[in-house]
Number of protein chains: 2
Amino acid sequence: MSKQKLRVIPLGGLGEIGKNMMALEYGNDIIVIDAGLMFPSEETPGVDLLIPDISYLVERKQKLRGIVITHGHEDHIGALPYVLPRLAVPVYATRFARELIMVELKQRGVKTDAKMNLVGPGSKIRLGSFTVELFSVCHSIPDCVGLIIHTPQGIVVHSGDFKVDHTPVICEATSFNQLAALGAKGVLLLLSDSTYAELPGYTPSEGVVSDTLGRIVSEAKGRVIITTFASLTSRVQQVLDVAVKYGRKVFIVGRSMKEIANMALKTGYLTAPPGTICSFDELKSLPHNRVIVLSTGSQGEPTSALVRMANRDPKSRVQIVPGDTVVISATPIPGNETLVSRTTDSLFRQGADVIYSRLAQVHVHGHASQEELKLLLSMVKPRFFVPIHGEYRHLVMHARLARTMGVAEDNAFVLEDGDVLELGPDSGEVVARGHAGVSYVSGLMAGELDEALLEDRRSLSRDGVVVVTVALDGGSRRLAGKPRIVTRGFVDAGAEQSLIEKGQNLVLAALDHDGGRLGDPGFVDARIRDSLSKFLYERIHRRPIIIPVVVEVGKDRTKATS
Amino acid sequence: MSKQKLRVIPLGGLGEIGKNMMALEYGNDIIVIDAGLMFPSEETPGVDLLIPDISYLVERKQKLRGIVITHGHEDHIGALPYVLPRLAVPVYATRFARELIMVELKQRGVKTDAKMNLVGPGSKIRLGSFTVELFSVCHSIPDCVGLIIHTPQGIVVHSGDFKVDHTPVICEATSFNQLAALGAKGVLLLLSDSTYAELPGYTPSEGVVSDTLGRIVSEAKGRVIITTFASLTSRVQQVLDVAVKYGRKVFIVGRSMKEIANMALKTGYLTAPPGTICSFDELKSLPHNRVIVLSTGSQGEPTSALVRMANRDPKSRVQIVPGDTVVISATPIPGNETLVSRTTDSLFRQGADVIYSRLAQVHVHGHASQEELKLLLSMVKPRFFVPIHGEYRHLVMHARLARTMGVAEDNAFVLEDGDVLELGPDSGEVVARGHAGVSYVSGLMAGELDEALLEDRRSLSRDGVVVVTVALDGGSRRLAGKPRIVTRGFVDAGAEQSLIEKGQNLVLAALDHDGGRLGDPGFVDARIRDSLSKFLYERIHRRPIIIPVVVEVGKDRTKATS
């Protein structure tokens, strides 16, 4: 009986930002916290999304009691459309998160039998031998919670994504009383958000952005176009408030911004006097100094409304004119820096004045900095500590912070996805260092990432493809005609002609003096590949992918091999 | 005679960081300032380097009097190996720059007749109707200069890349006396570095890094591995000084770091007591707390020494062990953020303690911030102003600064590459808005960027290539056998088989019921492409590049078309 130990199994979100997913296992019960996605980098060309590898859970399906969602950001809910068809377990989410989950499931065309339970701060969810209690935390989307998880072995606290904000705009402030009471009882394990663990000091309050936006709008002579994250409802509320204060109307562009704002207005997360939000017809008749445009595109996403404006897309409903002020009320997510810079430059080229976070405090982020992390540690006083949600260096920094706050050297664990940590009453041990795989979604396909496939794509993108077709006479085993060469993405048209002609002769020569063995397709393939590849590297230092196609022709049968 | 006007023609470096190159033209004379390269982004797959389009100069070859180099960074000299074979004009460079140019020319295997003239602060170079006077500026490489260019129409000042550093480590401090004297005489035009024009305040002095490095080295119990730009000789000097002070020896790894350090030691730009730099054999026998390793890799370059260490490359001479401290004495160049983050994380995973610019002041950059830019403007007091060296938004910011410093509204010009500005005595006009093309270098090829080619490469990298071969009977105009399908980079092997089988049947069906027209290869190609492309998009939402290969076979002749 007492041999059972609590297992902590991060399936995503540790060592890389995104696709957050954490499993806790005790005896016959497993609960899962969050199921997020991650957007890919140029390292994984052709991949649309990355999601956690859930084979650990699929193998232990009958133990799984439920998935508890901390908040509605895509890196916490976005894997549900792929997870639920394989694991139809109950989901527990707060209201705003549940609305967003429904949107995700609908967008991906997923129907599921999984029950979507509505919970909120104060809810207690019994899941086998676990009881999960929710407490409110402040982050950058409404209805965020942290979790107090009562396990047979002690209390586990999961921070969710959080910051400490005493003057939040929409969130409820992080619920300290509940946490401080726990500290006195004794907490076994704290799992805490590490995204900004390398930043000293405190994260500023969302409230400070109001002042900056107010100043910008009051001074602007023309339209003010503001872009932010569609789900950053508190920022959208501040924009609505500023619009009302300075007598402007708000026109919303961009699919996700419209969808989430409509949902939030309907459900009461956003409030504005009637007439604040205007239609396209109204927009056209309003003087520019009575207008705020609220837009998607804060990350420079190529198909977003703001980028269409920046690129003078004729299909964009809003076109930039000199006198416009554009406010980028967001910072680039790591990896998006170049897209955002390019968008900013294009907006300046169109004659807009662009205000971004380097120039004014038009954004604050939603994660705790070091002093806030210490505050949580000091209240919860956990015996064990596992930093979550962050790149590897953030986890290391956070573990160090925890040690300075009294967690024993050996009790702070920097884990990675797929590791298995087993906690006894006094000591913990990483019993498996299995880096979890990552699953990808490309179009309508999903599966394991195939490194050879990605390497082919990288080669293709560098140097293109060269297809060489040769016809072999089935009777004489000799070439029946000149090889044909077709290329895509290889070199520009000017350079191509002479390379192709020389390549043809080369293939001809390579195949000709060994006529006897041309019956062996593998031999012919290799000859073509080797001779052409050597030639192209010597001539132009490029290594395209070479695809030989050998067509065998004869009186009786024609066969293509490759 | 007086109809002649001074023309300012930026060929590179305006609107994008890198490949800096500026031409000034008056009557029968053209001079060029710098000839730099730029490293490409993921937007230009397969491209190794980008260099300015010099067709404007090639068309006016007989007017070209010389190329004056402001300093030896690659974004100012790196295009010379491609420019000089087409324009064998004299080059004027300071000593350190000239050494680096020689290295570049040698690496690219370029022999040139162009004369490489050695100049320095105080030199006066007569180039047709221009006289170019050099003054020292401080930046982040030795021997940087700005230019005072006497033209028949007035004085032009070119800042080079500069900062104001009163306690520089190697550079000479920026030469203010010379500049202030000019202001009194009257300056026609200032061309000034905009790289950091969005940063308020002053850029810190290079000297402050010494203190941080000293503290880190004195506290480290094990080895200290420091990475920085190979050409940042002042930083290398600080590392040598710290090593001497704390009784450590320096081992240098990485080709470019070794090359430049050796050159700088030989030429006296770097100084160290004998025995400071140690060999690999010495390194192996030294206790860890007596060692500093100086390494390339500050930008996370995949083949650099530091990245090899981070990835436990068995061929790396230095392997990370717990107890090592790694100092990243640089910040990521825009676009390199992800590479640097990944390297940092990998170093932490190996057990190193990593110190980077977010955690301590281990780097200062080499460009002027707003207050320094104002200082230059206030001394030079130009009538006209053109911001140079920066992305578009930096140029806009810098032009604004200039206006606040007294340059007339219409006399500050935000130009882009390929524009032609003509200056009269009182007013200027942009007489051509021809965005200059960009030339690329890929392997041994160079030419104009071909957008269709790049788009093909992007498609290939997303969804791969599908080659469909069909054999057509030349006599009956019917298919002679089943179509063959080969793919690369398309989908993983598991998904491929069934898609290929279905695709084969589909192509068969598409070609079969229209047998009469199969004689027209264009028709066959289109049928294959359309039917397969539609099928694959419907089935898996992907759009690979489809290459049909039609082989015509018959009694008399076999011909492949495509």
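The values are calculated or read from the model by the stated rules, or taken from the named source; none is laboratory data. These figures come from a predicted structure and were not determined experimentally. We place every Cβ from the backbone using ideal geometry, glycine too, and count neighbours over all the protein chains shown. With ligands, DNA and RNA removed, areas are computed over all heavy atoms of the protein, side chains included. Shrake-Rupley method; radii C 1.70, N 1.55, O 1.52, S 1.80 Å.
Residues in region B:481-515 that are open to solvent by less than 20 Å² (accessible area, probe 1.4 Å) and facing another protein chain (nearest Cβ under 7 Å): 2 in all. For region A:293-331, filtering for residues that are open to solvent by 50 Å² or more (accessible area, probe 1.4 Å) and within 14 Å of another protein chain (Cβ to nearest Cβ) leaves 3. Scanning region B:176-189 for residues that are assigned to a helix (DSSP H, G or I) and either of a type outside the set (A, V, I, L, M) or surrounded by 12 or more Cβ atoms within 10 Å (Cβ to Cβ) (or both) yields B:176, B:177, B:178, B:179, B:180, B:182, B:183, B:185. If only residues of region B:365-381 that are touching a helix residue (DSSP H, G or I) at 6+ places or on another chain (Cβ under 8 Å) and buried (at least 21 other Cβ atoms within 10 Å of the Cβ) are counted, the one that is farthest from the other protein chains (Cβ to nearest Cβ) is B:380. With the requirement that a residue be among the small types (Gly, Ala, Ser), part of a loop (DSSP other than H, G, I, E, B) and modelled with pLDDT under 90, what does region A:481-497 give you? Residue satisfying the conditions is A:481 alone. When the criteria are applied in full, residue A:129 meets the requirement of being among the polar types (S, T, N, Q), more than 14 Å from every other protein chain (Cβ to nearest Cβ) and closer than 30 Å to residue A:175 by Cα.
Residues checked against (1) open to solvent by less than 10 Å² (accessible area, probe 1.4 Å); (2) part of a loop (DSSP other than H, G, I, E, B):
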{"site": "B:3", "(1), (2)": "no, yes"}
{"site": "B:23", "(1), (2)": "yes, no"}
{"site": "B:44", "(1), (2)": "no, yes"}
{"site": "B:56", "(1), (2)": "no, no"}
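Criterion applied to A:242, A:208, A:217 was being in a helix (DSSP H, G or I), buried (at least 22 other Cβ atoms within 10 Å of the Cβ) and either more than 14 Å from chain B (Cβ to nearest Cβ) or among the polar types (S, T, N, Q) (or both), and the one residue passing it is A:242. So which residues in region B:437-461 are in contact (Cβ under 8 Å) with a residue 40 or more places away in the chain and within 30 Å of residue B:505 (Cα to Cα)? Matches in region B:437-461: B:456, B:457, B:458, B:459, B:460, B:461. Out of B:247, B:297, one residue alone is modelled with pLDDT of 95 or more, in the same structural domain as residue B:218 (by TED's automatic domain parsing), in contact with a Gly (Cβ under 8 Å, 6 or more places away or on another chain) and part of a loop (DSSP other than H, G, I, E, B). It is B:297. Of all residues in region A:480-506, exactly one satisfies the criterion of being of a type in the set (A, V, I, L, M, F, W, C), in contact with a helix residue (DSSP H, G or I) (Cβ under 6 Å, 6 or more places away or on another chain) and farther than 30 Å from residue B:43 by Cβ, namely A:506. Would you check if there is a residue in region A:216-237 being hydroxyl-bearing (Ser, Thr, Tyr), in contact with a strand residue (DSSP E or B) (Cβ under 7 Å, 6 or more places away or on another chain) and over 12 Å from residue A:364 (Cβ atoms)? Taking every residue of region A:216-237 in turn, at least one turns out to be hydroxyl-bearing (Ser, Thr, Tyr), in contact with a strand residue (DSSP E or B) (Cβ under 7 Å, 6 or more places away or on another chain) and over 12 Å from residue A:364 (Cβ atoms). Residues in region A:399-444 that are hydroxyl-bearing (Ser, Thr, Tyr) and under 24 Å from residue A:38 (Cα atoms): A:439, A:440, A:442. When residue A:475 is tested against (1) more than 10 Å from chain B (Cβ to nearest Cβ); (2) modelled with pLDDT of 85 or more, only condition (2) is not met.
Does residue B:454 satisfy being modelled with pLDDT of 80 or more, in contact with a helix residue (DSSP H, G or I) (Cβ under 7 Å, 6 or more places away or on another chain), closer than 29 Å to residue A:492 by Cα and not in a loop (DSSP other than H, G, I, E, B)? It is false that residue B:454 is modelled with pLDDT of 80 or more, in contact with a helix residue (DSSP H, G or I) (Cβ under 7 Å, 6 or more places away or on another chain), closer than 29 Å to residue A:492 by Cα and not in a loop (DSSP other than H, G, I, E, B).
Each row is one residue, and each column tells you yes or no for (1) of a type outside the set (S, T, N, Q); (2) in contact with a Lys or Arg (Cβ under 6 Å, 6 or more places away or on another chain); (3) in a loop (DSSP other than H, G, I, E, B).
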residue: A:283; (1), (2), (3): yes, no, no
residue: A:308; (1), (2), (3): yes, no, no
residue: A:313; (1), (2), (3): yes, no, yes
residue: A:363; (1), (2), (3): yes, no, yes
residue: A:366; (1), (2), (3): yes, yes, yes
residue: A:371; (1), (2), (3): yes, no, no
residue: A:383; (1), (2), (3): yes, no, no
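Yes/no per residue for (1) at pLDDT 80 or above; (2) basic (Lys, Arg):
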| position | (1), (2) |
| --- | --- |
| B:470 | yes, no |
| B:499 | yes, no |
| B:508 | yes, no |
| B:515 | no, no |
| B:540 | yes, no |
| B:555 | no, yes |
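Can you tell me which residue is surrounded by the fewest Cβ atoms within 10 Å (Cβ to Cβ) among those in region A:343-361 that are more than 9 Å from chain B (Cβ to nearest Cβ) and closer than 18 Å to residue A:323 by Cβ? Top of the filtered list is A:351. Looking only at residues of region A:25-42 that are within 14 Å of chain B (Cβ to nearest Cβ) and either under 25 Å from residue A:144 (Cβ atoms) or out of contact with any strand residue (DSSP E or B) (no Cβ under 9 Å at 6 or more places or on another chain) (or both), we find that the one that is most open to solvent (accessible area, probe 1.4 Å) is A:39.
Each row is one residue, and each column tells you yes or no for (1) of a type in the set (Val, Ile, Thr); (2) modelled with pLDDT of 95 or more; (3) in the same structural domain as residue A:62 (by TED's automatic domain parsing); (4) assigned to a strand (DSSP E or B).
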{"residue": "A:101", "(1), (2), (3), (4)": "yes, yes, yes, no"}
{"residue": "A:112", "(1), (2), (3), (4)": "yes, no, yes, no"}
{"residue": "A:132", "(1), (2), (3), (4)": "yes, yes, yes, yes"}
{"residue": "A:136", "(1), (2), (3), (4)": "no, no, yes, yes"}
{"residue": "A:148", "(1), (2), (3), (4)": "yes, yes, yes, yes"}
{"residue": "A:160", "(1), (2), (3), (4)": "no, yes, yes, no"}
{"residue": "A:167", "(1), (2), (3), (4)": "yes, no, yes, no"}
{"residue": "A:170", "(1), (2), (3), (4)": "yes, no, yes, no"}
{"residue": "A:174", "(1), (2), (3), (4)": "yes, no, yes, no"}
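Residues in region B:385-407 that are part of a helix (DSSP H, G or I) and of a type in the set (A, V, I, L, M, F, W, C): B:395, B:396, B:397, B:399, B:401, B:402. Every listed requirement among (1) within 14 Å of chain B (Cβ to nearest Cβ); (2) touching a Ser or Thr at 6+ places or on another chain (Cβ under 8 Å) is met by residue A:51 save one, (1). Within the set A:269, A:196, the sole residue that is assigned to a loop (DSSP other than H, G, I, E, B), in contact (Cβ under 8 Å) with a residue 40 or more places away in the chain, touching a helix residue (DSSP H, G or I) at 6+ places or on another chain (Cβ under 6 Å) and open to solvent by 20 Å² or more (accessible area, probe 1.4 Å) turns out to be A:269.
Can you tell me which residue within region A:411-468, out of those that are among the charged types (D, E, K, R) and away from chain B (no Cβ under 12 Å), is least open to solvent (accessible area, probe 1.4 Å)? Filtering first and then ranking leaves A:419. Of the residues screened, residue B:89 is not one that is among the β-branched types (Val, Ile, Thr) and in contact with a Pro (Cβ under 6 Å, 6 or more places away or on another chain).
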